[in-house]
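Reviewing the structure listed below.
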Amino acid sequence: MLLLLAGCSPDRPPPATVLYAGLPVSGSVGDARRAGFTDCVQPDWGRLRCRRHDVRFEGAGPFEAAVDLVGHDGGGGFDALTLWHADDQYAVYKITDALEKQGWQNCSTGDGERGDQIVYTRKGAPVRVSMDLSYWGKRRLRLIPAWNTKERRC
């Protein structure tokens, strides 16, 4: 039994710490906790989700925020930050409006005009910002470190 449990631990070290606008975008479980992400649940053996409430970003909010850590104890760290509003799926548009005013460029992933994400980038920024275009459920906005190539981009 111990061998089975040992196989569930993350095989990766936590990624490098990336902070943007005072928020942790990637790093270790310690980075998350130091940034106030202390409301944690373990949805399954291999993941730990830690949340912070009343987060502001780009002059908008308050939002809910979460980091999804790899491993049952979060030892594999996290590589994105998710923001959403509990009651208003359009609230994250205040963030994208602010990004556009600051000169961030955007494009849509998916097929033609029916993309599933709108991705904001700015030359030299250590992150990109990806917002759900879906109208189902709560619309999320994710801050993703520029080095994270597993996430969709356009």
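The values are calculated or read from the model by the stated rules, or taken from the named source; none is laboratory data. These numbers were taken from a predicted model, which means no experiment stands behind them. Positions of Cβ are backbone-derived with ideal geometry, glycine not excepted, and every protein chain shown enters the neighbour counts. With ligands, DNA and RNA removed, areas are computed over all heavy atoms of the protein, side chains included. Shrake-Rupley method; radii C 1.70, N 1.55, O 1.52, S 1.80 Å.
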Q) Largest first, what is the accessible-area ranking of LYS150, LYS138 with a 1.4 Å probe? A) LYS150, LYS138
Q: Report, ordered by chain and residue number, the aspartates and glutamates lying within cross-link reach of LYS150, taken as a straight Cα distance under 13 Å and ignoring same-chain residues fewer than 8 apart.
A: ASP79
(Q) When a/c reaches 1.5 or more, the comparison of a/b and b/c decides; with that in mind, is the stretch 75-129 rounded, prolate or oblate per its Cα gyration tensor? (A) rounded
Q. Hey, what's the stretch 17-105 come to in accessible area per residue, 1.4 Å probe, Å²?
A. 46 Å²
Q. GLU100 label point, 7 Å along Cα→Cβ, cut-off 19 Å on backbone N: hits in the stretch 50-74?
A. 57-61
Q. Could you give the nm distance between label points at ASP44 and ASP87, where each point is 7 Å from its Cα heading toward the beta carbon?
A. 3.3 nm
Q | Listed residues CYS107, CYS154, CYS50 arranged by accessible area, highest first, probe 1.4 Å | A | CYS154, CYS107, CYS50
Q) How many percent of the accessible area of the chain is carbon or sulfur, using a 1.4 Å probe? A) 52 percent
Q | Answer label for mean projected area of the Cα convex hull in nm² (calculated), chosen among [x] 9.9; [y] 9.2; [z] 8.7 | A | [x]
